[in-house]
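Here's the structure, in structure tokens; my notes come after.
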Amino acid sequence: MIQCVFCNTDNVKEVKTDYTRNIKGRRILVKNVPALYCESCGDYFYHAKVLRQIHEKIDKSLSKPENLDVYDYSNEISEELYALVR
Ligand SMILES: [Zn+2]
């Protein structure tokens, strides 16, 4: 059973949510990001591996001239990695 790191309850479930960041004046949106949601705190927690993957992706896109500010995690990220964070 997964516990919330803040309130130590196990009201935590696996969900998919949107992840947004403002980087260098651009708003980045990543859809369908696997995360944990604590029903007691009302907070989302992202897996470290998922965040690393997202930020690598964002870093690459920031160096390109064309803007691609919306990603779909389930399309962009390999099934293999997804299995790792489950
Ligand atoms: Zn909590």
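Every number in this text was worked out from the coordinates using simple rules, so none of it is lab data. Just so you know, these numbers come straight off a predicted model, no measurement behind them. No Cβ is skipped: glycine too gets one built from the backbone with ideal geometry, and neighbour counts run over all protein chains shown.
Below are the figures for this structure:
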| item | result |
| --- | --- |
| Mean Cβ neighbour count within 10 Å, used as a protection proxy, ranking 57-64, 45-52 highest first | 45-52, 57-64 |
| Residue-wise HN-Hα coupling along region 8-17, computed from phi with Karplus coefficients 6.51, -1.76, 1.60 (Hz; x: Gly, Pro) | 6, 7, 10, 7, 10, 10, 7, 9, 10, 9 |
| Under Karplus coefficients 6.51, -1.76 and 1.60, residue-wise ³J(HN,Hα) of region 30-46 in Hz, glycine/proline x | 10, 8, 6, 7, x, 8, 10, 10, 9, 6, 6, 7, x, 10, 9, 10, 9 |
